[in-house]
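Below you'll find the structure, written out as structure tokens, and then a few comments.
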Amino acid sequence: MFHLFHPRRPGPVFVCSLDEAGDISRRLRAGLLVSISDPERRTITQVRLGKMRASICPLDFHDIERPAPDMTAPESHHINTAISALRRVPAHRPVLVHCHAGISRSSATALVLATARQLHAGKAPAEAVSDAFSQVSAATPHARPNMRIIEIGATALELSNTNFVQSAWDLHRSS
């Protein structure tokens, strides 16, 4: 299991679109900005957050759930990179995850990161999953998480005996 370093109460994880990312990240004073783009459209390289700079974790992959020719599918190294970036940010600082539309890749990644934060706060896996889904789905009612990212995240966080994947499927279908 990934163990995060900061013992404070976990800060929130937010989701938005590319168009909203700069403004929202400055208002939140986010500690981490996870910027997900199609590989051919790398968009954000640095965002100023008032007097502070956020750590930026650029991830480049397409919004696909199965590998396809000439497309980059989300892989475990992408999700592990985001989890590793989360480790370096104080746990009380907000995290902002964006992709082009703020619906699929970003909501799935946010669910993985919010769950990781809840696990680090000492919550049991089932409670961590429930709290993360409540937080992200309330803040992002239009979420339709990319199930490939969810499955990779479940493996990375060792959540095979929880309802993490099923909860994501329920959210995916309800949108």
(request) Go through the range 61-83 and give me each residue that's out of contact with any Cys (no Cβ under 9 Å at 6 or more places or on another chain) and of a type in the set (D, E, K, R). (result) Glu65, Arg66, Asp70, Glu75
(request) Would you please name the residue that is farthest from Ser134 (Cα to Cα), looking only at residues in the range 88-112 that are among the β-branched types (Val, Ile, Thr) and surrounded by fewer than 24 Cβ atoms within 10 Å (Cβ to Cβ)? (result) Val89
(request) Name every residue in the range 119-133 that is under 17 Å from Ala143 (Cβ atoms) and surrounded by fewer than 23 Cβ atoms within 10 Å (Cβ to Cβ), in order of residue number. (result) Ser130, Asp131, Phe133
(request) Within the range 133-165, track down each residue that is without any contact (Cβ under 8 Å) to a residue 40 or more places away in the chain and in contact with a Leu (Cβ under 7 Å, 6 or more places away or on another chain). (result) Phe133, Ser137
(request) Please tell me if Val129 is touching a Gly at 6+ places or on another chain (Cβ under 6 Å) and on the phi < 0 side of the Ramachandran plot. (result) no
(request) Inspect the range 22-45 for any residue being over 21 Å from Val136 (Cβ atoms), touching a helix residue (DSSP H, G or I) at 6+ places or on another chain (Cβ under 7 Å) and modelled with pLDDT under 85 and give the result as yes or no. (result) yes
(message) Can you pull out every residue in the range 108-164 that is more than 14 Å from Ser76 (Cβ to Cβ) and basic (Lys, Arg)?
(response) Arg117, Lys123, Arg144
(request) For Thr115, work out the one condition from (1) under 24 Å from Ser17 (Cβ atoms); (2) surrounded by fewer than 19 Cβ atoms within 10 Å (Cβ to Cβ); (3) free of Cβ contacts under 8 Å to residues at least 60 places away in the same chain it doesn't fulfil. (result) (2)
(request) Taking Ala85 as meeting all but one of (1) surrounded by 15 or more Cβ atoms within 10 Å (Cβ to Cβ); (2) more than 16 Å from Asn146 (Cβ to Cβ); (3) modelled with pLDDT under 95, write down the number of the exception. (result) (3)
(request) Looking only at the range 139-153, count how many residues are surrounded by fewer than 23 Cβ atoms within 10 Å (Cβ to Cβ) and of a type outside the set (Val, Ile, Thr). (result) 7
(request) Can you tell me which residue among Val165, Val89 is among the β-branched types (Val, Ile, Thr) and touching a Gly at 6+ places or on another chain (Cβ under 7 Å)? (result) Val89
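The values are calculated or read from the model by the stated rules, or taken from the named source; none is laboratory data. Just so it is clear, the model here is predicted, and its values are computed rather than measured. Note that we place each Cβ from the backbone using ideal geometry, even for glycine, and neighbour counts take in every protein chain shown.
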